[in-house]
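The block underneath contains the structure these notes are about, expressed in structure tokens.
The values are calculated or read from the model by the stated rules, or taken from the named source; none is laboratory data. Keep in mind that what you see is a predicted model, and the values were worked out from it rather than measured. Heads up, the Cβs are rebuilt from the backbone with ideal geometry, glycines too, and the neighbour counts pull from every protein chain shown.
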Amino acid sequence: MHCPQCGAEYRPGFSRCADCDVCLVDRPEETPPVPDPHRELVAVFKTTDSILLPVVKSLLDSAGIEYMSQGEEALGVLPLGPAGSKVVRASWAWGATILVAKEDEASVKEMLAQIEEDFTGEDLIGEDFSGEDPEQS
């Protein structure tokens, strides 16, 4: 038996912590590991597109990869067009930057490669977006 507040361990038969006066539990709560505050972070993605950023963040969340986002607040303030603009490669440009731990850099860049291609519009060149059914034209 363990006290959930102070962590003291008790022999079977006890039901309350003598120091904290709270009910004891069978097992102590497991605390999640604390990330190393000195680990190296690297920028893996930068964009001024306010629509693309949540897509990238969602992808990282679903993969269980910890990340940090910088400059996200500016996307709604800066006059960058109706939905922002394409992926930014210049380090001096305004926009949001996604940073990950150095050990995750290669896998994240691989995951984001397809999204970057999809959002730059390279695959959309020549597509008909007139809204008409091509078979009825």
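In the list A83, A113, A18, which residue meets the criterion of being exposed (fewer than 12 other Cβ atoms within 10 Å of the Cβ), at pLDDT 85 or above and out of contact with any Phe, Trp or Tyr (no Cβ under 7 Å at 6 or more places or on another chain)?
That would be A18, the only listed residue that is exposed (fewer than 12 other Cβ atoms within 10 Å of the Cβ), at pLDDT 85 or above and out of contact with any Phe, Trp or Tyr (no Cβ under 7 Å at 6 or more places or on another chain).
The C-beta contact set for segment 65-84 (first residue β-branched (V, I, T), second residue at pLDDT 70 or above, distance under 9 angstrom, 6+ apart or interchain) comprises I65/L59; I65/V100; I65/A101; I65/D104; I65/S107; I65/V108; I65/M111. Taking segment 8-62 as the range and being small (G, A, S) and more than 30 Å from A74 (Cα to Cα) as the test, the residues that pass are A8, G13, S15, A18. A search for C-beta distances below 7 Å between a residue of segment 24-44 that is modelled with pLDDT under 75 and any residue that is assigned to a loop (DSSP other than H, G, I, E, B), counting only pairs 6+ apart in sequence or on different chains, returns P28/G7; E29/P4; P35/E66.
If you go through segment 12-31 one residue at a time, do you hit one that is under 30 Å from K102 (Cβ atoms) and not charged (D, E, K, R)? Yes, segment 12-31 contains at least one residue that is under 30 Å from K102 (Cβ atoms) and not charged (D, E, K, R). Could you go through segment 47-67 and let me know if any residue there is among the β-branched types (V, I, T) and at pLDDT 90 or above. Scanning segment 47-67, I find at least one residue that is among the β-branched types (V, I, T) and at pLDDT 90 or above, so the answer is yes.
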